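Colleague: Take a look at this one; I'll ask things after.
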Amino acid sequence: MAQSEWTCSLSSVHEWESPDYEPSLPVSEKSNPLTRDIDRASASRIVRMLQACDAQMFQEESGATYQRLLSEQVVATLMEVAQKVEIILKDPRDSLVVLSGCGTSGRLAFLITSAFNRALQELSQRSLYSYIIAGGDRALLSSQEAPEDDPKLGMLSLKKVCEGKKRVLFIGISCGLSAPFVAGQLELCLQHPEVYTPVLVGFNPPHQARNEPIPGCTFTFRSVVQRMQELAKSHKAFLINPAVGPEAVSGSSRMKGGSATKILLEVVLSAAHAAAFTNTPVTYKGILQHMRAYEKTLDITYAQKEGISALLEAAGQSLQRGRRVCYLGWGSLATLGLIDASECIPTFGADYEDVRGFISGGYRALNNNEGPLGPDFCIAHEDFLHLVLPSLDDRDVVLLLYTQSDDVSDVEKMALRVREKTSNLHAVCHRVEGDTAADDDINKLCSSSLKINWPPPASGSLLHMQWELSTKLLLNSLSTGAHVLKGKIYQNHMMDVQVTNSKLYCRATRLLQLSGCPEIQCEEALLKAVYRVDELTVDITSSDIITHTHTARNRTKVVPLALVCLLTGCSLMEAETHLQQQPIVREAVEACLA
Ligand code: S6P
């Protein structure tokens, strides 16, 4: 790296921490100085940028402004929460640990509770963990953004899961400290301290928690956080909210927000299990060691920069040609594939078919609360063979995701089937150094194979959690990078955001201010694009955000249309023609700016 580039990147690594940097935005919504020109970067530069962004998760605290993942206060709170879980594990009668969130946060709640219930099962213990995801199990596999705005739904779903329980440790996850669904649940906990102990996981400091009024409620997310801060002093509520730096694509909390959620909660629950079942007390050092193992996971994963760039390039080419990317996975790596694929729809306005995930064993292996979700959600490898494989050719990318502990002969069988249709077959395999998995034949069938070798682990479960995080980082890079190459991102903003809940409505209004127009004019342009009118009626302006976001559900290209109108002063119809001629959003925006 040239000296000047290095100096520049060192200063931009910390730039976001300055109080003057985008002061009106919480960390989770700020734009990351490291990725300002990600939209013009090559595949390999995109990967380097994502690596630098991910590395920010583990940066040490550098002033009083933000607590970080490894800050003393954060580690101390993790210890306390682990001890609470330990108590419940030792006497689980009438007790429950609930993890809940919206979108990615709910998906991780599912992934983590599944893993730790499995661990309990292996010890012949009853399940103790439950997950809640706003919008129900369909939200595990698709975008259901509207329930995020519904605090009452949050409360009801929590009450339902906890029926008959006398002691509940509730872990609400909201990366932006913003989801009304989670705020409602925390409020319920505060109203019933005799049953519930609330824990909040997120990645903004308390003063940046969302403070907009929630329709029909007397509380805001911030007021709930403030009450929790008070209770935290007497250890009756817990806040785990280190900053991990802005996302590579602004507001895309599925990336670092999701990864840090996984890290923090696995550290807590692993420490609790070790304390309850192997007599290993929860210690500061133990927690820190586990965190460091995740930091190492980033290094081991990104050591494969070249392989990841090649994959990203291949996936980008497929998407640019209007073709598809399929993840075929085994075990929980497949779940990560399902999650990453489903997030491309709301994040990049992708079609359902653009990126899809499939899991060996289908719903039986997924083991979700509601079981099979119907014909709109076909996720088994057999579904892939019947519904997708026949239409594939060399322009489509298929990625196998497996580990040495999976059924390698099944992986090989699948590889053979796929090879009949496309040579664009790739693999990611995790294994322990020195392992001689018999997968040479799979390698021969693939045009690229990423073998990620891991040092012999302290424990099998830690290794598996590292494999999962590594796969998450890799898939997030792949799908983000491929959509960047497709031209979906302008600078480091996703312009074509779906305006399907209040958080996204506010983000859209803000994005439109890139036009240089005042906020009020931007919101008007947004509403015109939502309702597809050139003049706003009183009916529209007097409706609330819920009505606006409900209407926006059935619209496409809302924000790009509004932006073109703002930049050129043209009508909606003219803007539509403009976007048809320039389907690449980045180029359309740049043409208007020029
Ligand atoms: C973000 C993802 C969203 C969020 C959801 C919850 O990349 O597309 O679905 O996970 O909005 O956000 P939060 O801040 O409450 O965790």
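The values are calculated or read from the model by the stated rules, or taken from the named source; none is laboratory data. Model, not experiment: these values are computed from the prediction. Here the Cβ positions follow ideal geometry from the backbone for every residue, glycine too, while neighbour counts run over all protein chains shown. Heads up: the accessible areas ignore ligands, DNA and RNA and are worked out on the full protein's heavy atoms, side chains in. Shrake-Rupley method; radii C 1.70, N 1.55, O 1.52, S 1.80 Å.
Colleague: Considering only region 115-129, how many residues are hydroxyl-bearing (Ser, Thr, Tyr) and either within 13 Å of the ligand (Cβ to nearest atom) or open to solvent by 30 Å² or more (accessible area, probe 1.4 Å) (or both)?
Modeller: The qualifying residues number 2.
Colleague: Okay, next question. Within region 336-349, which residues are buried (at least 24 other Cβ atoms within 10 Å of the Cβ) and either more than 16 Å from the ligand (Cβ to nearest atom) or not in a helix (DSSP H, G or I) (or both)?
Modeller: The answer is GLY337, and nothing else.
Colleague: Going by the conditions given, is LEU231 open to solvent by 30 Å² or more (accessible area, probe 1.4 Å), away from the ligand (no atom under 13 Å from the Cβ), more than 30 Å from HIS483 (Cβ to Cβ) and of a type in the set (A, V, I, L, M, F, W, C)?
Modeller: Yes, satisfied.
Colleague: Does region 138-173 hold any residues that are in a helix (DSSP H, G or I), under 18 Å from TYR196 (Cβ atoms) and within 13 Å of the ligand (Cβ to nearest atom), and which are they?
Modeller: Of everything in region 138-173, those that are in a helix (DSSP H, G or I), under 18 Å from TYR196 (Cβ atoms) and within 13 Å of the ligand (Cβ to nearest atom) turn out to be PRO151, GLY154.
Conditions tested, residue by residue: (1) within 18 Å of ASN241 (Cβ to Cβ); (2) charged (D, E, K, R); (3) surrounded by 16 or more Cβ atoms within 10 Å (Cβ to Cβ).
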site: THR65; (1), (2), (3): yes, no, no
site: GLN73; (1), (2), (3): yes, no, no
site: LEU96; (1), (2), (3): no, no, yes
site: LEU99; (1), (2), (3): yes, no, yes
site: SER105; (1), (2), (3): yes, no, yes
site: ALA146; (1), (2), (3): no, no, yes
site: LEU158; (1), (2), (3): no, no, yes
site: CYS162; (1), (2), (3): no, no, yes
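This table checks each residue for (1) in contact with a strand residue (DSSP E or B) (Cβ under 6 Å, 6 or more places away or on another chain); (2) closer than 25 Å to ARG210 by Cβ; (3) within 16 Å of the ligand (Cβ to nearest atom); (4) open to solvent by 40 Å² or more (accessible area, probe 1.4 Å).
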{"residue": "ASP439", "(1), (2), (3), (4)": "no, no, no, no"}
{"residue": "TRP454", "(1), (2), (3), (4)": "yes, no, no, no"}
{"residue": "GLN466", "(1), (2), (3), (4)": "no, no, no, no"}
{"residue": "LYS488", "(1), (2), (3), (4)": "no, no, yes, no"}
{"residue": "CYS522", "(1), (2), (3), (4)": "no, yes, no, no"}
{"residue": "ASP544", "(1), (2), (3), (4)": "no, yes, no, yes"}
{"residue": "THR549", "(1), (2), (3), (4)": "no, yes, yes, no"}
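Colleague: For region 503-519, which residues satisfy the criterion of being within 16 Å of the ligand (Cβ to nearest atom) and either in a loop (DSSP other than H, G, I, E, B) or under 18 Å from the mean Cα position of the chain (by Cα) (or both)?
Modeller: Matches in region 503-519: LYS503, LEU504, ARG507.
Colleague: If only one of GLY202, GLY176 is within 10 Å of the ligand (Cβ to nearest atom), more than 26 Å from PRO372 (Cβ to Cβ) and touching an Asp or Glu at 6+ places or on another chain (Cβ under 7 Å), which one is it?
Modeller: GLY176
Colleague: Does VAL97 satisfy the condition of being more than 16 Å from the ligand (Cβ to nearest atom), in the same structural domain as GLN191 (by the TED database) and outside any helix (DSSP H, G or I)?
Modeller: Here the answer is yes, as VAL97 does meet what is asked.
Colleague: Of all residues in region 234-270, how many are surrounded by 22 or more Cβ atoms within 10 Å (Cβ to Cβ), more than 16 Å from the ligand (Cβ to nearest atom) and basic (Lys, Arg)?
Modeller: Residues in region 234-270 being surrounded by 22 or more Cβ atoms within 10 Å (Cβ to Cβ), more than 16 Å from the ligand (Cβ to nearest atom) and basic (Lys, Arg): 0 in total.
Colleague: If LYS30 satisfies all but one of (1) more than 30 Å from ALA334 (Cβ to Cβ); (2) more than 17 Å from the chain's Cα centre (by Cα), what's the number of the condition it fails?
Modeller: Only one criterion in (1) more than 30 Å from ALA334 (Cβ to Cβ); (2) more than 17 Å from the chain's Cα centre (by Cα) is unmet by LYS30, namely (2).
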